[in-house]
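Each remark here refers to the structure printed beneath this line.
The values are calculated or read from the model by the stated rules, or taken from the named source; none is laboratory data. Bear in mind that the values here come from a model prediction, so they are computed numbers and not experimental data. Ideal geometry is used to build each Cβ from the backbone, glycine not excepted, and the neighbour counts take in all protein chains shown. What goes into the accessible areas is simple: the full protein's heavy atoms, side chains included, and nothing from ligands, DNA or RNA. Shrake-Rupley method; radii C 1.70, N 1.55, O 1.52, S 1.80 Å.
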Amino acid sequence: GELPASFTKDQTRLFQTLVDQQNKRDGTSLSADQVWASLNASQQRTFLAVTHALENSFVTPRKKVKNPITGKKEKAPPVRAITLVSGLKQVTGQQTGKKGTEQFRLLVSLTSNAVSLLRASEEFENGSTAGIGKGHIYKDGVVKEGVENVRQKGDAPKIQISYDENNLLEADIDVDYRQQASLFNPFPGEGHGEVYNSDINAVGPEKADGKLINNLERHNQRYGGKGGKEHPLNNLPTGAN
């Protein structure tokens, strides 16, 4: 029931915002350990997977900035994507019978400059202008479709951050483990539209290179997950819910 020993500083910071929010709402004084224990295994896996991906993804401005000392224009240093997330509002794991847009995602608060940095970064692209579609926000049991989003460049897995243009301080974040259709690959056949697209625990039924697609393996290949036995992704909570 305790927080994983492998929690990073930013994972601990974000989870504490959820604890504080819940205690304020319910008039309770629960500890972070107690709130973590109250999440089901799927919620715990979702938090670990999404925050680990954010922790190991960078945001680098495309535009060079003037160095105040040398006077030369230089590339600004990258920042970890997780530092653009200021708070955690909701953790959604598996919900049997629901759509994929209602499962395996986090609802978060963003820093005031997060969207502008993501839009102008080397690592992310705007979903609409890149021709890969709109995003969606799952909040309080309701999905809002057709909102803006940014997605990591490259092949799956990739982080998707969806936000409403009228509220740039809130976002829905999930990781797409299955390849999405594109102009260059209109029929990837990997199950991007299926409910298990963002479930780190999913294996198959689709195949790639003759093997069942394993979402955890893909996660580790892109975001790194081969640390010691205490690494959260080497010891994911088990159970469907």
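Tabulated data for the structure shown
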item	result
Residue of Arg25, Arg222, Arg151 that the Gaussian network model of the chain assigns the largest fluctuation, springs spanning Cα pairs under 10 Å	Arg25
Spacing of the two label points (7 Å from each Cα toward its C-beta) at Asn56 and Val143, in nm	2.8
Across Lys24/Lys153; Lys9/Lys63; Lys63/Lys158; Lys75/Lys153; Lys9/Lys64, pairs whose alpha-carbon gap is larger than 27 Å	Lys24/Lys153; Lys9/Lys63; Lys9/Lys64
For the chain, built as a Gaussian network whose Cα springs stay under 10 Å, the top-fluctuating residue of Leu118, Leu54, Leu39	Leu39
Rounded percent of accessible protein surface that carbon and sulfur make up, the chain, 1.4 Å probe	52
For the chain, built as a Gaussian network whose Cα springs stay under 10 Å, the top-fluctuating residue of Gln221, Gln160, Gln11	Gln221
Contact order normalised by residue count of the stretch 61-203, Cα under 8 Å, 6+ apart, percent	19
Whole-angstrom gap from the stretch 93-119 to the stretch 1-66, using each part's C-alpha centre	13
Mean separation of Cα contacts under 8 Å, 6 or more apart, over the residue count of the chain: relative contact order %	18
Set of aspartates and glutamates near Lys139 by C-alpha distance (under 19 Å), chain-local residues within fewer than 8 positions excluded	Asp20, Asp26, Glu102, Glu148, Asp164, Glu165, Glu170, Asp172, Asp174, Asp176, Asp199
Among 13-23, 55-65, the order from most to least packed when residues are scored by Cβ within 10 Å on average	13-23, 55-65
Residue-normalised accessible area of the chain, given per residue in Å² at a 1.4 Å probe	50
Helix-only mean residue ellipticity at 222 nm for the chain, each DSSP H run of n ≥ 4 adding -39500 (n - 2.57), per residue, nearest 500	-7000 deg cm²/dmol
Residue (of Thr46, Pro78, Leu30) at the positive-pole extreme of the stretch 25-95, dipole from beta-carbon charges	Pro78
